[in-house]
Amino acid sequence: MTIRHGALAIDGGTPVRSALLPYAHQQISDEDVAAVTAALRSDWLTTGPRVPAFEAELARATGARHAVAFSSGTAALHGAAVAAGLGPGDEAITTPMTFVATANCVLYAGAEPRFADVMPGSLLIDPERVAAAVTPRTKALLPVDYAGHPADYAALREIADAAPGGPLTIIADASHSLGATRDGRTVGTLADMTVLSLHPAKILTTGEGGAVLVDDDDLAARLKRFRNHGIATELSARRDWTYAMVELGYNYRLTDIGAALGSSQLSRLQAFLERRRALAARYLQRLGGHPHLEMPEVEPGVDPAWHFAFARLRLDTLRVDRGAVFHALRAEGIGVNVHYIPVHLHPFYRERYPGLSFPVAEAAYGRLLTLPLHAGMTADDVDDVVAALDKVTTAYRVG
Ligand SMILES: *Cc1c(COP(=O)(O)O)cnc(C)c1O
């Protein structure tokens, strides 16, 4: 089959799609609307009975002993960093290939983020680089399940247990990976604390929201205190006016409105994951071996949750850079994105830690594109993305 491509939309041609296909989009059903409406008409708008109910369901769905809900994934990361005992003088090792919040939470706790480069195939943190970055000050590892692929927790655990400063706490930033498995183990059981983001772009949403999945009872209690001003007594357990603030905490509570949405969404988690996996499989099947694109490698034993799909341009086969391809695809109605600008390249981090260089992450960033992938998409939508990629890369190929 030969496809005849017209002029690029960016040059005035007809776009592949007339309306932009977003890279991410929430799925809201009538049941979700009814659940939120019921919460709005109840006695509780802020944290009430729906939050612990959602937490119990989330724990059951992930195999963790506890789920502690927060007002955002970023707040949950902050809570996990503090619960891990991070403070001044401590270091935590994370990946540059992430959203800034992953590293910021270490600074919120008064500790210093250190970075370890990623592996070229999966863009997951490289355990060898982590081992090389460990110092006597290292207290935690903060891997990210990039694009929904769980990091190599078995290798990270060996490093954590052998660290000179004592066993390190592993905090998984699983903002992308709710529902993923590695070697048959679900996200939520792979790390000491597992942080979810429940932002609308993610796999499941509460509007804004997040959670920490944790087995340890003491860590769970610390997280619950931390999200409620450091107050030891949960509001609902109080029978008189007394409460005791025992440490400095924050107001990071999730609302009952958000929890109602989360519980309703959670009943469709498996369907969301199945759809994401089918769409990702179609991308990999249709774009594998593409002359101008490199597709992600899925490591053995990994069943990703596919928060997004990504491709890397083979820039040596193109006469333009990633920016030109990005803008041409947007003009074709394809809502491509870029995840991520490596954290150490942001002005704040450049100023604070000058001279850092992570060649694998930087090389990947220069040719990276996030492809649309969400549970509301169809196989035809994937085919539109593939058609637009073919159209644009053909127009821009060398020779
Ligand atoms: C979305 C995201 C966060 C932040 O989550 P919010 O809920 O938006 O605060 C942190 N880390 C990663 C990797 C994310 O993708």
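Residues Met193, Met295 in ascending order of nearby Cβ atoms (within 10 Å, fewest first): Met295, Met193. Can you give the angle from 0 to 90° between the axis of helix 153-162 and the longest principal axis of the chain, with both taken from C-alpha atoms, to the nearest 10? Roughly 50 degrees between the two axes. Set the Cα radius of gyration of the chain against 2.2 N^0.38 Å, with N its number of residues, and you get 1.02. Ranking of Leu373, Leu20 by neighbouring Cβ atoms within 10 Å, starting from the fewest: Leu20, Leu373. The angle separating the long axis of helix 256-266 from the principal Cα axis of greatest extent in the chain is about 50 degrees. Across region 25-68, Cα-Cα pairs farther apart than 16 Å form 51% of the total. Cβ crowding within 10 Å, taken as a proxy for footprinting-reagent exposure, orders Ile125, Ile28 from fewest neighbours to most as Ile28, Ile125. Label-to-label distance for Ala19 and His327 is 2.7 nm, based on points extended 7 Å past Cα in the beta-carbon direction. With helices as the sole contributors, the chain gives -10500 deg cm²/dmol at 222 nm; each DSSP H run of n ≥ 4 counts as -39500 (n - 2.57), and the sum is divided by every residue.
Highest mobility in the GNM of the chain, judged by mean-square fluctuation with C-alpha springs under 10 Å and restricted to Asp145, Asp183, Asp256, is found for Asp183. Region 1-66 and region 252-300 have Cα centres separated by 11 Å. Against the main long axis of the alpha-carbon atoms of the chain, helix 73-83 sits at an angle near 50°. Length available on full extension from Ala7 to Thr37: 0.36 nm per residue minus the Cα-Cα distance, which gives 6.0 nm.
All of the numbers you see were taken from the coordinates with simple rules; none came from a lab. Given the structure is predicted, the values throughout are model-derived calculations rather than measurements. With ideal geometry, Cβ positions are generated from the backbone for all residues, glycine too; neighbour counts draw on all protein chains shown.
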